[in-house]
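Worksheet: one structure, shown below.
What follows draws every value from the coordinates through simple rules; no lab data is involved. Being a predicted model, the structure only gives us computed values, none of them experimental. Here Cβ is always computed from backbone atoms with ideal geometry, including for glycine, and neighbour counts include all displayed protein chains.
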Amino acid sequence: MDGILESPKVKILEFIIANPSSHLRKIKKNLGFSMGTIQYYLAMLENEGKIKSTKTKFYKNYYYINESDDQILSVLNLDSPRNIVIYLIQHEPSTHQEIAKGVGLSSSTISWHMKRLIELKIVKTEFSGKYTIYNLRDKQNVLSNLKKCKSTVWNSMVNNMADVFSAFEK
C-alpha cells in the first residue's frame, strides 16, 4: 500500500530531475495526474527539501536541489548576481572594474554582490599587484545550474522586453 501512495510522488520527483525548471501545467500534462495530486506532492516535496520553486510573473518553476545547487540557484535567480556570473563565464578572469563596466552596475553594487558570491564559494579571488582578479570556482557546476533555471532567465528576459515595448506605447 505504501508503494502505491509513493508512486505519484516518486514520478513527480523523477520528472523534475529529468526536466528542471518545469512548471505545474507541464508536469500535469506529461504525467497525467490530476491537478490536485500534482499540487499536493509538489508541496510535500518542497516541504521535505527535495525540490525548490521560484516564481516568475507567469509561472512557478520547480527544481531538484542539493545543498550546493541551492546556493547557486539562489544567486542565479536574481538579476544582478546572475549577470555578474554570466559575465564571468564569458570574460574569465576579470577585475572589479571590468565587471562593473561589463555588467553596467556601480562599483559598490559589484562589491556587495562579489562579497556574497565569494562567501557562497561560487567565485574565488586572486591578487595580481594592486588588482583583485575574479574567477568562477567551479564553472561546470555554475553552467549546469544556469541551465536548470533557464526558463526563469528566459521569463525574466521576456518580461523585461514586454516592459520596454509597453513603455514605447505610452
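Points worth noting:
- Here the translational diffusion coefficient of the stretch 2-65 follows from Stokes-Einstein with Rh set to the Kirkwood radius across Cα pairs; for 10 °C and 1.306 mPa s it amounts to 137 µm²/s.
- Ser80/Tyr40 FRET efficiency (R0 35 Å; Cβ-Cβ; nearest 0.05): 0.50
- Using the Cβ-Cβ distance between Glu48 and Ser108 with R0 set to 35 Å, the FRET efficiency works out to roughly 0.35.
- Violating pairs (Cα-Cα greater than 19 angstrom) within the set Lys28/Lys60; Lys52/Lys124; Lys26/Lys139; Lys55/Lys139: Lys52/Lys124; Lys26/Lys139; Lys55/Lys139
- Sequence-distant residues sharing a close amide H with Ile133 (under 5 Å, placed H): Glu126, Phe127, Ser128
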